[in-house]
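Just below is one structure, and these are the notes that go with it.
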Amino acid sequence: MTKVAVDRAGDWVAPMTLTSFKGGTSATERLPLIEAEGTVQLARLIESRRKLTTALGQARRAHSHRS
């Protein structure tokens, strides 16, 4: 959940807090997300989710074949 503001051009702006987990560590980053960037980030997130879902499905199948 985040607050959203509208700038003078009518585009939305949302202050976001992002946490990433890599190599056993986490990093937190704060950034203002503007509408145009939000569209790009959403596309990246959807692609990352697709890749993760595929990898988890493959791992599940590999594990079930070993049992």
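The values are calculated or read from the model by the stated rules, or taken from the named source; none is laboratory data. Quantities reported herein were computed from a predicted structural model and do not represent experimental measurements. Heavy atoms of the whole protein, side chains included, go into the accessibility calculation; ligands, DNA and RNA do not. Shrake-Rupley method; radii C 1.70, N 1.55, O 1.52, S 1.80 Å.
Numbers for the structure displayed
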{"item": "Selection count where residues are under 14 Å from the mean Cα position of the chain (by Cα) and part of a helix (DSSP H, G or I), scope the range 25-60", "result": "17"}
{"item": "Residue, least open to solvent (accessible area, probe 1.4 Å), within the range 25-60, restricted to residues that are small (Gly, Ala, Ser) and at pLDDT 90 or above", "result": "GLY57"}
{"item": "Residue in the range 1-24 that is modelled with the lowest pLDDT, counting only those that are in a strand (DSSP E or B) and open to solvent by 90 Å² or more (accessible area, probe 1.4 Å)", "result": "LYS22"}
